[in-house]
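Here is the structure we will look at, set down as structure tokens.
The values are calculated or read from the model by the stated rules, or taken from the named source; none is laboratory data. Worth saying up front: this structure is predicted, and the values here are computed from it rather than measured. Cβ coordinates were reconstructed from backbone atoms using ideal geometry, including for glycine residues, and neighbour counts include every protein chain displayed. Areas reflect the complete protein model, heavy atoms only, side chains present, ligands, DNA and RNA absent. Shrake-Rupley method; radii C 1.70, N 1.55, O 1.52, S 1.80 Å.
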Amino acid sequence: MKVNIIDQDIYGNGVAKIDSIPIFVEKALPTEEVDITVYQDKKTYKRATLNSIITPSKDRMVPRCPFYDACGGCDLLHQKYESTLEYKKNKVLSNLNRIAGIKDIEVSKIISGDQYNYRNKVTLHVKDNKLGFYKKNSNDIIEINECLLLNSKLNDIIDVFRKINLNNISEIVIKISEHSGQILVLITHINSIKHTIDELIKTNLISTIIINKEDELHVVYGDGYIVEKVGEYLFNISANSFFQVNSKIANEVYKEISSYLINEKKSTLIDLYCGTGTIGISVANKVKEVVAIEEVAEAIINANDNKVLNNINNIEFILGTVELNISKINSANIVVLDPPRAGCDSKALEYIMTLKPSKIKNMAGDSATWARDIKHISEEYAIKDIVIADMFPNTYHVETIVLLERKANKE
């Protein structure tokens, strides 16, 4: 079947229409005429695979990765980088319009960096002694020898694992510090893997090794964490602690957040979903005090270590979920939100409204849930600025940073 691609959906798929019914075509781009095969035929939509490209888009490129057609890690390697940035900007604005009903607003800045070799973390799956990523929409393993998205040193560690016995291992997480070059390895296993650990230590490439057996973590080599740097601040990062996967873009994002805190020395800032405390610590010198909440115990341990490491005295970290702990905070002039992709808890948003902060700075990895959250507070808060950060090049994901200010008639 021949169709013309007229748009791109939120997952990067091309969109065609026949009799007003959308057809989502994998790896097709707007303006292209393509030949497709429909594999899912619903009443309100269809899904199709791309057989051939009759008329290619000017934004199409040949993917550099030999695993691209099978691997589920990337979505946009067939699209020129500048075009992907435009696509992400349009997606953010479309979600804001469609979900929150907010129009006539523009993105003020796009923060971008390296298209390749940007990831400081990778999760690898092991099955039948095969090491790699899951095939798209399946649990089959695609064996890889290199991933273009990873810091090159992570690819070196993958090569080490490919040469050793992987029996009894089900998953491997590898993290690297862009600042120190330290490498952390977390191995999930079933039975003893002492020989594997010994082989890894001999390489002198790995700084710390942690094993996960039945959801219990044990440090078997090194300190159990690596040290990263954001701006002028150092951060301990352990196995389960969240840290942005793109260190260079994270640096720029935190600078952006800090730039909004002018003349706020008397203000209280609350940092929700704070992780290892990167945002709160990075902006603590701009405000009177910071109160931060995070539900991952390991992250809070890191956060308190980071507080000491950076000699920060005006920040308090609270362990627990945001929705159950935000009521412990009695006042706030500024709120920073960095929720998971599911968005901010509605009860937390309601409580934030009672605090009546003058500014809310929201970071989101899913612009649809971000738009939903903004709709929830749009009666009292107006968007003053939107910045998008390409934290995940070659994928459909985009990080959005928005500044909201309390409306004058709501003061």
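With +1 on each Lys and Arg Cβ and -1 on each Asp and Glu Cβ, and nothing else charged, work out how big the dipole of the chain is about its Cα centre, in Debye to the nearest 20. Don't skip to the end; give the middle numbers.
Values: 50 positive and 55 negative charges, 126 e Å.
The calculated dipole for the chain is roughly 600 debye.
What is the Cα convex hull volume of segment 1-57 when expressed per residue in Å³? The partial results should precede the final answer.
Details: hull volume 3.9 nm³, N = 57.
Value for segment 1-57: 69 Å³ per residue.
To the nearest whole percent, what portion of all C-alpha pairs in segment 300-411 is separated by more than 18 angstrom?
56
Short version: what are the Cα gyration tensor semi-axes of segment 243-329, square root of 5 times each eigenvalue, largest first, in whole Å? Mind dumping the intermediate values first?
Details: eigenvalues 70, 55, 31 Å².
Result for segment 243-329: semi-axes of 19, 17, 12 Å.
So what is the relative contact order of the chain, in percent, for Cα pairs below 8 Å that sit 6 or more residues apart? Walk me through the numbers before you get to the answer.
Numbers: 887 pairs, mean separation 51.2, N = 411.
Contact order relative to length: 12 percent.
Share of Cα-Cα pairs in segment 96-158 beyond 14 Å, in percent?
On the way: 1345 of 1953 pairs.
Taking all Cα-Cα pairs of segment 96-158, the fraction more than 14 Å apart is 69 percent.
Using a Gaussian network model of the chain with C-alpha springs under 10 Å, which one of 388, 158, 270 is most mobile by mean-square fluctuation?
Maximum among the listed residues: 158.
Counting alpha carbon pairs within less than 8 Å and at least 6 residues apart, what relative contact order, in whole percent, applies to segment 370-411? Mind showing how you got there, number by number?
Working: 44 pairs, mean separation 16.6, N = 42.
Once divided by the residue count of segment 370-411, the mean separation gives 40 percent.
Write out the GluC sites (Glu not before Pro) in segment 182-241 meeting two conditions: DSSP loop, and at most 11 other Cβ atoms within 10 Å of their Cβ.
On the way: sites: 199, 214, 216, 228, 232; in loops: 214, 232.
Counting only loop positions with at most 11 other Cβ atoms within 10 Å, the GluC sites (Glu not before Pro) in segment 182-241 are 214, 232.
Could you please report the charge total around residue 98, scoring K, R as +1 and D, E as -1 over all other residues with beta-carbon less than 11 angstrom from its beta-carbon?
Net charge around residue 98: +4.
Can you tell me how much longer the chain between residue 162 and residue 347 gets when fully stretched, taken as 0.36 nm per residue apart minus their C-alpha distance, in nm with one decimal?
Numbers: separation 185, 0.36 × 185 = 66.60 nm, distance 4.69 nm.
The span from residue 162 to residue 347 would gain 61.9 nm if fully extended.
Which order, highest average first, do 358-368, 68-78, 160-170 follow once you tally other Cβ atoms within 10 Å for each residue and take the mean per peptide? Kindly include the intermediate steps, with their values, before the conclusion.
Numbers: 358-368: 21.9, 68-78: 19.5, 160-170: 16.1.
Going from most to least packed, we get 358-368, 68-78, 160-170.
What's the center-to-center distance, using Cα atoms, between segment 251-301 and segment 352-411 in Å?
A separation of 16 Å, based on Cα centres.
How large is the accessible surface per residue of the chain, computed with a 1.4 Å probe and reported in Å² as a whole number?
Values: 19100 Å² over 411 residues.
Using a 1.4 Å probe on heavy atoms only, each residue of the chain averages 46 Å².
Quote the FRET efficiency, to the nearest 0.05, computed for residue 139 versus residue 266 with a Förster distance R0 of 45 Å and r equal to the Cβ-Cβ distance.
Values: r = 54 Å, r/R0 = 1.20.
The computed FRET efficiency comes out at 0.25.
Evaluate the chain: find the radius of gyration of its Cα atoms, find its Kirkwood radius, and give the ratio Rg to Rh. Don't skip to the answer; put the middle values down first.
Details: Rg = 22.8 Å, Rh = 23.1 Å.
Checking Rg against Rh, the ratio lands at 0.99.
Given 5 Å bins starting at zero, what is the percent of C-alpha pairs of segment 145-218 in each, up to the one with the largest pair distance?
Calculated over all Cα pairs of segment 145-218, the distribution is 3, 15, 29, 27, 17, 8, 1 percent.
On the full set of protein chains, 1.4 Å probe, figure out the accessible area of residue 221 and give it in Å² to the nearest 10.
80
Who wins for biggest fluctuation among 19, 114, 35 in a Gaussian network model of the chain, springs between alpha carbons below 10 Å?
Evaluated over the chain, the most mobile residue of the options is 19.
Sort 185-196, 393-404 by the packing proxy (mean of other Cβ within 10 Å over each peptide's residues), most packed first.
Ranked by mean Cβ neighbours within 10 Å, highest first: 393-404, 185-196.
Run the numbers for residue 191 and residue 408: contour at 0.36 nm per residue of separation, minus the present Cα-Cα distance, in nm. Don't skip to the end; give the middle numbers.
Numbers: separation 217, 0.36 × 217 = 78.12 nm, distance 6.23 nm.
In short, 71.9 nm is gained.
Given a 1.4 angstrom probe, I'd like the percentage of the accessible area of segment 255-322 that is carbon and sulfur, rounded to a whole number. Working shown, then result.
Values: 1430 of 2790 Å².
Within segment 255-322, the accessible surface is 51 percent carbon and sulfur.
So if we plug the beta-carbon distance of residue 308 and residue 252 into 1/(1 + (r/R0)^6) with R0 = 25 Å, what FRET efficiency do we get, rounded to 0.05?
Values: r = 26 Å, r/R0 = 1.05.
Rounded to the nearest 0.05, the efficiency is 0.45.
What is the spread of the Cα atoms of segment 189-287 along each of their three principal axes, largest first, in whole Å?
57, 27, 18
So what is Rg over Rh here for segment 88-247, counting just Cα atoms and using Kirkwood for Rh? Could the numbers behind the result be given before it?
Numbers: Rg = 18.7 Å, Rh = 17.6 Å.
Checking Rg against Rh, the ratio lands at 1.06.
Where does the chain land at 222 nm, in deg cm²/dmol rounded to the nearest 500, when only DSSP H runs of n ≥ 4 count, each adding -39500 (n - 2.57), divided by all residues?
Details: 9 runs with 97 residues, N = 411.
Roughly -7000 deg cm²/dmol at 222 nm, from the helical runs in the chain.
How long, wide and thick is segment 19-114, going by the Cα atoms along their three principal axes, in whole angstroms, largest first?
Principal-axis extents of the Cα atoms in segment 19-114, largest first: 38, 38, 25 Å.
Roughly speaking, to the nearest percent, how much of segment 47-145's 1.4 Å accessible area is carbon and sulfur? Please list the in-between numbers first.
Numbers: 2380 of 5360 Å².
Carbon with sulfur: 44 percent of the solvent-accessible area.
For segment 79-139 and segment 182-232, what is the centre-to-centre distance using only Cα atoms, to the nearest Å?
Cα centroid to Cα centroid, the span is 29 Å.
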